[in-house]
Amino acid sequence: MIFQSIKLFNFRGFYGETPTIKFTVTNDKSISLIHAMNGAGKTTLLNAITWALYDTTTFMVPDLINRQAVVECTNGEGVTCWVEIKFNNMEQGVNVD
């Protein structure tokens, strides 16, 4: 399986819905480089993938939801947090959402 893209919503440091982050997808050589300054969210991005696939992270569950989204919610209102990963099974030509 090859990752095509990821999108986050209120996940840790990412407030609201992020633009779709697309990964390199080819049949021969695929590599995607994640490069940013310290504190920009590289580890959070990897934790989002781990959380979506395996329901586990390297941080505590209460820290899963973006703090600004929690502060802005009204009493009794829930805060939505999700991770969307799209990947492609190149061998069988099947896209999975």
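The values are calculated or read from the model by the stated rules, or taken from the named source; none is laboratory data. Quantities reported herein were computed from a predicted structural model and do not represent experimental measurements. Glycine also receives a Cβ, built like all others from the backbone with ideal geometry; neighbour counts cover every protein chain displayed. Just the protein is used for accessible areas: all its heavy atoms, side chains included, with ligands, DNA and RNA removed. Shrake-Rupley method; radii C 1.70, N 1.55, O 1.52, S 1.80 Å.
If you go through the range 41-54 and keep only what is under 15 Å from residue 84 (Cβ atoms) and free of Cβ contacts under 8 Å to residues at least 24 places away in the same chain, you end up with just 50.
Scanning the range 21-78 for residues being within 11 Å of the chain's Cα centre (by Cα), of a type in the set (Ser, Thr, Tyr) and part of a loop (DSSP other than H, G, I, E, B) gives a total of 0.
Taken over the range 15-40, the criterion of being open to solvent by less than 50 Å² (accessible area, probe 1.4 Å) and modelled with pLDDT of 90 or more is satisfied by 16, 18, 36.
Looking across the range 73-96, the residues that are at pLDDT 90 or above and either touching a Ser or Thr at 6+ places or on another chain (Cβ under 6 Å) or of a type in the set (D, E, K, R) (or both) come down to 84, 86. Can you confirm whether the range 58-65 contains a residue that is more than 26 Å from residue 2 (Cα to Cα), open to solvent by less than 90 Å² (accessible area, probe 1.4 Å) and either at pLDDT below 90 or hydrophobic (A, V, I, L, M, F, W, C) (or both)? Yes, the range 58-65 has at least one match.
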